[in-house]
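Read the structure below first, then the notes.
The values are calculated or read from the model by the stated rules, or taken from the named source; none is laboratory data. Predicted model, so just to flag it, every value in this text is computed and none were measured. All Cβ positions, even for glycine, are placed from backbone atoms using ideal geometry, and neighbour counts span all protein chains on display. Calculation scope for accessible area: heavy atoms of the full protein, side chains included, ligands and nucleic acids excluded. Shrake-Rupley method; radii C 1.70, N 1.55, O 1.52, S 1.80 Å.
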Amino acid sequence: MRSPEELRHNLSQAILHVRSGHATSRRVLSDALRLSPSTTGYYVDQLIASGHLAESGLEQGRMGRPKRMLRTVPGAGWFAGIEFNAERVQAVRVDFSGSQTRTLTHRLPEDADTASVLQEITRLITELHEGHKGSLLGIGIGAPGLIDPAAGVGLHYTFLPDWRNVPVRAELAKHFEVPIILENNLRVIALAERWFGGGRELDDYVILGPRRGFGIAVVKRGRLLDGQHHATGEIGRWVWPLNGEGGEMQQALCSAAVWRKLAGASDSATLPVDLRAALQSLAQTDGEAWQGVVSDYARVVGLLHLLLDAPAYFLHGPLTALGPRFGTDIALQAIRLMPALKDMPPNIVASALGDDAGALGAASHAMEAWQPAL
């Protein structure tokens, strides 16, 4: 006899397979779960009875009897996704079937601190709930910097000076009686690519996140890499230049630094209000500045590719405004710098998810972690 924990796990896995579109019938779901048809049928019947799954229509295959079609029920509940940095808080509502149904954005003042960020997160989740009849099932938070996901604590974020050992989950639990998951914002962006972007059919890929700082997230064999100190992907802390004579890489390759180089602005120049639009206006730039930025990125991506050999590197953040040429030039320069890459050039793809990526990924994290009550 299966334990309640095992039963909840199997039921939630059934939902994930159906929601992804990979399991459209009981037979296909049985194969995906690696369970007998009778056991799978029991789970399906239970989820239909609880209002989480529906079975309708006919799918006629080439041979055999028609199959009933399985689908998740959008109105069975919803998930809140929050992602923030020092400039803004982004919130999305995702229904039970994984469709985005609302987006909210709030820009933070320059003097934002931990208290004001937590207050804004609480307000946005409450606003997502207004006028919506379904039940909130879970909250995902994508936080910048180092985090402890098991404890639900934000450990450190350079650009919010008082963001130190912040009990994010405990603070939000005062207002919301649902499961709350905290994860690094780039790692939740990796989940957004899996559910909403180019990572749907990939087991291995890397997220490149040059924004206020610079980090990456790595998906290997379908799993997010974390690390002993939850610090996998903190490459922005690499010494730069790589010979160790300078500061940290994020200071030289973040989106702000790239704009200043391409625009010929000083290191202290005030950033434009719309950095993405400002970078888009420089997308056709050529010359020494462009080549310098491309070469710097080629060194980083080339080294990552030799280490990880991923089929895709999804670029996120304002630098996507530089267009596909940016990724192509980086790949070509990486091959010039590292001839070993000639037969395995890195595939750099500008993500199409835009500013919602982190919040969508956070909601995806909550969605993947959901388990039904018994």
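Here the label points at Thr126 and Tyr42, each 7 Å from Cα along the C-beta direction, are separated by 4.5 nm in the simple model. From the P(r) of the stretch 303-342, could you give the percentage of C-alpha pairs in the tail past 10 Å? The share of Cα pairs beyond 10 Å in the stretch 303-342 comes to 74 percent. The charge dipole of the stretch 102-225, taken about the Cα centre with unit charges on the Cβ atoms of Lys, Arg (+1) and Asp, Glu (-1), comes to about 360 debye, rounded to the nearest 20. On the chain, 52 percent of the accessible area sits on carbon and sulfur atoms, based on a 1.4 Å probe. Could you give log10 I(q)/I(0) at q = 0.12, 0.15, 0.17 Å⁻¹ for the stretch 223-374, computed by the Debye formula over C-alpha point scatterers of equal weight, without solvent? Normalising to I(0) and taking log10 leaves -0.59, -0.91, -1.14. Taking Cα centre as origin and charging only the Cβ of basic (Lys, Arg, +1) and acidic (Asp, Glu, -1) residues, the dipole magnitude of the chain rounds to 1300 debye. Shape verdict for the stretch 176-308, please, from the Cα gyration tensor: rounded (a/c under 1.5), prolate (a/b greater than b/c) or oblate. Here the stretch 176-308 falls in the prolate category. The orientation-averaged projection of the convex hull spanning the C-alpha atoms of the stretch 91-229 amounts to 9.0 square nanometres. Specify whether the C-alpha gyration tensor of the stretch 1-40 places it in the rounded, prolate or oblate class, a ≥ b ≥ c being the square roots of the eigenvalues: rounded for a/c under 1.5, otherwise prolate if a/b is larger than b/c and oblate if not. Here the stretch 1-40 falls in the oblate category. In the list (i) 68, 42, 37; (ii) 65, 50, 37; (iii) 88, 51, 35, the label attached to Cα extents along the principal axes in Å as derived from the coordinates here is (ii). The slack in the chain from Ser56 to Arg336, taken as 0.36 nm per residue of separation less the alpha-carbon distance, amounts to 95.3 nm.
Computed from the C-beta positions of Asn165 and Leu33, the FRET efficiency with R₀ = 35 Å rounds to 0.30. The antiparallel fraction among DSSP beta bridges confined to the chain stands at about 65%.
Taken about its Cα centre, the stretch 145-284 carries a charge dipole of roughly 160 debye when the Cβ of each Lys and Arg holds +1 and the Cβ of each Asp and Glu holds -1. Over the C-alpha atoms of the stretch 188-256, the Rg to Rh ratio, Rh being the Kirkwood estimate, stands at 1.05.
Taking square-rooted eigenvalues a ≥ b ≥ c of the alpha carbon gyration tensor, is the stretch 266-316 rounded, prolate or oblate, where a/c under 1.5 means rounded and, failing that, a/b exceeding b/c means prolate? It is prolate, given that a/c is not under 1.5 and a/b is the larger ratio. Note on Gln291 and Arg107: the model spin-label points, each 7 Å out from Cα along the C-beta direction, lie 3.7 nm apart.
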